[in-house]
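Here's the structure we're looking at; comments come further down.
The values are calculated or read from the model by the stated rules, or taken from the named source; none is laboratory data. As the structure is a computational prediction, the values presented were derived from the model and not from experiment. Every residue, glycine among them, receives a Cβ derived from its backbone with ideal geometry; neighbour counts consider all protein chains shown.
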Amino acid sequence: MEKPSKKIESFTGNLIKEAGLQQPSVDFFANVMNAVEIEKIQKPIVYQSLISKQTWIILLVASVIVTGLLFIFPSSSETIVNLPNLNFEKLLFQLPELHFSKITIYGIGFLGLFLVQIPFLKRQLNKSY
């Protein structure tokens, strides 16, 4: 097995000697630096909310108007469209009663307190570092 590998090594060695090593031009570094300087620096991405302030104001005003109209003109039972006699008792269901031990309730409570503290701790760490 050594004979084929020696042939390959000698063949590649001869090819490298014939081709020679490529040398960069004298001012290669200067050309690269000029090309880097020419590249434009991209402007940073500016945050834009998906819903503009004007749209939020329009939604707020519309919801206040609709709520006000509902208080001024309450719907009466005469305006409700009567649905055909549907048996809604079949649609109702009850969730099973869940009983938790005191240890489970304490664990859920402490987990809730921990999750409430995370934003405050994060803000404190960001201020200090």
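For the range 14-71, the candidate set comprises residues that are among the hydroxyl-bearing types (Ser, Thr, Tyr) and part of a helix (DSSP H, G or I); within that set, the residue that is modelled with the lowest pLDDT is THR67. Based on this model, can you work out whether GLU78 counts as of a type in the set (Asp, Glu), assigned to a loop (DSSP other than H, G, I, E, B) and either at pLDDT below 75 or in contact with a helix residue (DSSP H, G or I) (Cβ under 9 Å, 6 or more places away or on another chain) (or both)? So GLU78 passes the test.
Among the conditions (1) at pLDDT below 90; (2) surrounded by 10 or more Cβ atoms within 10 Å (Cβ to Cβ); (3) of a type in the set (A, V, I, L, M), LEU111 misses just one, which is (1).
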